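Undergrad: Here you go, one structure.
The values are calculated or read from the model by the stated rules, or taken from the named source; none is laboratory data. In this text the structure is predicted, and so the values were computed from the model without any measurement. Glycine gets a Cβ as well: all are built from the backbone with ideal geometry, and neighbour counts include every protein chain shown.
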Amino acid sequence: MDINNGMNRNGGMEWQAQTQFRANEIMKKYWVHTWISYVIVLLDIIFLIYMVVFKMDYRINYIIGGFAELLLIISVFALYGVIAAIAILVKWLGAVKIDMALYEECDPFVYEACLDRLHPLFYKERFAVLHAMARYYQGDEYTAEEILRNVNMYKLKGLYKLNYYILLSAISLKKGEGMRAAEFEKSYRRSLKKSKKEQIFFKILCASNNLNRAMENEDYQSAFRFLSERKVLDSGKCRKWTYIGYSLFEAKIYAGIGDEKSARLNLNYVISEGGRLVYVKRAGELLQKLDGNVADMELSNGEMENGELSNG
């Protein structure tokens, strides 16, 4: 017993070490981008001060004229804005490195390890949603729900708001709390703005909830329709982790209608490409179930043949 526990602990330590090592690699790239953006901003400020204080004094009006002076001022501030935009872009590309841990590498554990190294002064509600996403896709739905319960949803916008409602709705439906999921839909509807993007986000929430409801009710025809609707709403902007989730849903639908060949194709894709997403574990469980059904059928057929031979 003790030996087994020790082996589990050693395996866990090795797994944690790999997670931290990969997170360190990503964070190094993130901080390189961040410091480069800070340097760009600093140089931008120095440039602006130099131009305004030392070059654009009262004599410039007499040298180049009033209209030319106005154009020069506009050009200086426009260049300042362009350089500032470049700094923002460089920093954003650093943040994308962190997002890729979940979106493309399909590793919510590394993603969370990266988030743990960040300590934002602003937008803490958004940051909490990202932590909840990491936990949810690790399979730790309890902690994800606890995090989201402490989030002030009125401070969320855009995708953060959408993910907040999608996660809580999915957790509620899995717990059999359909009425609670319906309340989340009503809450989102009340907060809707007139923008086209907000309307699309609400449709995505409804399609996701309807898909989960149909799966719970084993209404596979409706489930396939809602899954197709969700794909259309994503407008081809899906990342790899989203495709993994879609493939698992497709596998469940195919298994439900008896098309085991298509189900296995999707399950094998999830297992081979899903990284450390909880989808991989669920795909493995479903694949074992399908294998068990095949074994039971073969055993049953064998018993029938033996019975026929005995009777003969």
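Undergrad: Do any helices (runs of 4 or more DSSP H) lying entirely in region 128-227 carry at least 2 residues that are over 29 Å from Lys281 (Cβ atoms) and at pLDDT below 95, and which ones are they? Full working, then the answer.
TA: Working: elements: 141-149, 158-174, 178-190, 196-216.
Output list reads 178-190, 196-216.
Undergrad: Six or more apart or on different chains, Cβ under 7 Å: which pairs go from a residue in region 182-208 that's loosely packed, with under 14 Cβ neighbours inside 10 Å to one that's of a type in the set (D, E, K, R) and in a helix (DSSP H, G or I)? Could you list them?
TA: From region 182-208, the pairs are Leu192/Glu198.
Undergrad: Do you know which residues across region 153-181 are crowded, with 21+ Cβ neighbours inside 10 Å and of a type in the set (Gly, Ala, Ser)?
TA: Listed by number, the residues that qualify are Ser169, Ala181.
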